[in-house]
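The values are calculated or read from the model by the stated rules, or taken from the named source; none is laboratory data. Every value quoted in this text rests on a predicted model; they were computed, and no experiment measured them. For neighbour counting, all protein chains shown are included, and Cβ atoms are generated from backbone atoms with ideal geometry for every residue, glycine included. Areas reflect the complete protein model, heavy atoms only, side chains present, ligands, DNA and RNA absent. Shrake-Rupley method; radii C 1.70, N 1.55, O 1.52, S 1.80 Å.
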Amino acid sequence: MAKIIVVTSGKGGVGKTTTSASFATGLAMRGHKTVVIDFDVGLRNLDLIMGCERRVVFDFVNVIHGEAKLQQALIKDKTYENLYILAASQTRDKDALTQDGVERVLNELKQEFEYIICDSPAGIEKGAHLAMYFADEALVVTNPEVSSVRDSDRVLGLLASKTQKVEQGKGRLKEHLVLTRYNPNRVVKQEMMSVEDIKEILAIPLLGVVPESAAVLTSSNGGVPVISDKNSEAGLAYDDLVARFLGEERPHRFLNPEKKGLLAWLLGG
């Protein structure tokens, strides 16, 4: 049975699209047929991170409005045969998305895919609401800063009250916390919130902690999801995250500050 997963947060710039790309790629790497949809109409970025921006002919909005068939708009990833991308429109606004249209496309995708990943836009407006409305589970992405955590708490309130599952009395979505841009050295200096502080505030299970890493930007600029970079801590963290989502037991890494060597300590580094 197909599962719809929304990747969401209240605040922009926390790593939702990076997470959507690596999460979807990780599922496909493990043999699960997966599609990732960009709900950020007018400001699409998913196709850039997935390295398929030059292959976008038709998009999500075209399909919703009957201007193209779903199979015409789906882009097959060049590296992973189980992975497909449905890009957002760059020329429309968010009102181009309709609840009936989104539901129809998702129902069609359910016939073919195991996992449907919805990359939500920032904020709590129409696009974000439609990205989460039909979901079965949610990845709530946050940074270790007060404003990001507060906005994520607001999104958790919407997930608890404004989804089809809740409205139909089928219970809440299963929620997972994804903490990005984490730097334990800065936590020690009290420049960043700790994992424990964030878990206490948001009160949802921790799925993964992705460390602050230059590899994220390098991978994004290269059109390759960072999970493909097995030499980076961020890539390994996303691989762990996907494994945990699929039920594998893996300890959380990258939570503790690096121990200084003697020379670094003597030099004050």
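A few notes on this one:
- Protein accessible area in the chain, 1.4 Å probe - carbon and sulfur %: 48
- Residue-normalised accessible area of the chain, given per residue in Å² at a 1.4 Å probe: 47
- Residues whose amide H falls under 5 Å from that of ARG181, counting only those 5 or more places apart or on a different chain, are VAL210, GLU212, with hydrogens built in the peptide plane.
- When only alpha carbons of the chain are considered, Rg and Dmax amount to 18.5, 67 Å.
- Derived scalar couplings ³J(HN,Hα) [the range 63-70; Karplus, 6.51 cos²θ - 1.76 cosθ + 1.60; whole Hz; x for Gly, Pro]: 5, 4, 8, x, 8, 7, 7, 4
- Solvent-free Debye scattering, log10 I(q)/I(0), computed from the Cα coordinates of the range 16-113 at q = 0.11, 0.12, 0.16, 0.19 Å⁻¹: -0.28, -0.34, -0.61, -0.88
- For the range 118-135, the Karplus equation 6.51 cos²θ - 1.76 cosθ + 1.60, evaluated at θ = phi - 60°, returns couplings of 9, 7, 7, x, 5, x, 10, 8, 4, x, 5, 4, 5, 5, 9, 4, 9, 6 Hz by residue, with Gly and Pro reported as x.
- Considering only SER194, PRO184, GLY169, the residue lying farthest towards the positive end of the dipole of the range 116-205 is GLY169, judged by Cα position with unit charges set on Cβ.
- A Cβ-based charge dipole, computed about the Cα centre of the chain with Lys and Arg at +1 and Asp and Glu at -1, lands at about 220 debye.
- Too-long pairs where the Cα-Cα distance tops 21 Å, listed order kept, from LYS126/LYS165; LYS16/LYS189; LYS69/LYS174: LYS16/LYS189; LYS69/LYS174
- Helix-only [θ]222 nm of the chain, DSSP H runs n ≥ 4, -39500 (n - 2.57) each, per residue, nearest 500: -10500 deg cm²/dmol
- 3J(HN,Hα) along the range 220-226: 4, 5, x, x, 10, x, 5 Hz, from the Karplus curve 6.51 cos²θ - 1.76 cosθ + 1.60 with θ = phi - 60°, whole Hz, x for Gly and Pro.
- Cα-derived Rg to Rh of the range 135-269, Kirkwood definition: 1.03
- Take the Kirkwood radius over Cα pairs of the range 63-180, plug it into Stokes-Einstein at 37 °C and 0.692 mPa s, and you get 208 µm²/s for translational diffusion.
- Across the range 184-226 the C-alpha pair distances fall into 5 Å bins from zero in the proportions 5, 18, 19, 17, 17, 16, 7, 0 percent.
- Rounded to the nearest 5, the antiparallel percentage of DSSP beta bridges internal to the chain is 5%.
- In terms of the mean number of neighbouring beta-carbon atoms within 10 Å, the peptides 101-110, 30-39 order highest first as 30-39, 101-110.
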